[in-house]
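Student: Here you go, one structure.
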Amino acid sequence: MTLTTDPEPNHNQDSEPTLTDVIRKLDQLSDEVKKFDERFSNYQQATQWVIQLAFGLIASATVIVIVSNVLK
């Protein structure tokens, strides 16, 4: 595979990709990776909040059970 430096995009499937085509596709992939990283970061943060909420509820329930048994 050889790359040409043709300034015009080459959309024929029979011909080899130009350097411009490769750079454009790399830019698109870079944008997709950035979007994925952002989504993953949001997912990770949301998961961490859910885990903290669950542990908080478990701790609160435990304290309530202990206090109610001690006060009886």
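What follows is calculated from the coordinates using simple rules that are stated; it is not laboratory data. It should be emphasised that the depicted structure is a prediction, and the values quoted were computed from it without experimental measurement. Note that each Cβ is placed from the backbone with ideal geometry, even for glycine, and that neighbours are counted across all protein chains shown.
Student: Tell me, what is the FRET efficiency for residue 40 and residue 20 to the nearest 0.05, using R0 = 35 angstrom and their Cβ-Cβ distance as r? If you can, show how the numbers build up before the last one.
Tutor: Details: r = 30 Å, r/R0 = 0.87.
Using R0 = 35 Å, I get an efficiency of 0.70.
Student: Quick one: Karplus J couplings for region 48-59, per residue in order, coefficients 6.51, -1.76, 1.60, θ = phi - 60°, nearest Hz, x for Gly and Pro?
Tutor: Values per residue, Gly and Pro as x: 5, 5, 5, 5, 5, 4, 4, 5, x, 5, 5, 5 Hz.
Student: By a straight-distance test (C-alpha under 30 Å), which lysines pair with residue 25 as possible cross-link partners, with residues fewer than eight away in the same chain excluded?
Tutor: Straight-line reach from residue 25, under 30 Å: 34, 35.
Student: Something else: Using 0.36 nm per residue of separation minus the Cα-Cα distance, give me the extension gain between residue 51 and residue 69 in nm, one decimal.
Tutor: Details: separation 18, 0.36 × 18 = 6.48 nm, distance 2.72 nm.
Separation in residues times 0.36 nm, less the Cα-Cα distance, equals 3.8 nm.
Student: Let me ask another. Which far-off residues, 5 or more places away or on another chain, put their amide H under 5 Å from the one on residue 18, with H placed in the peptide plane?
Tutor: Residues meeting the criterion, in which the H sits 1.01 Å from N, are 10.
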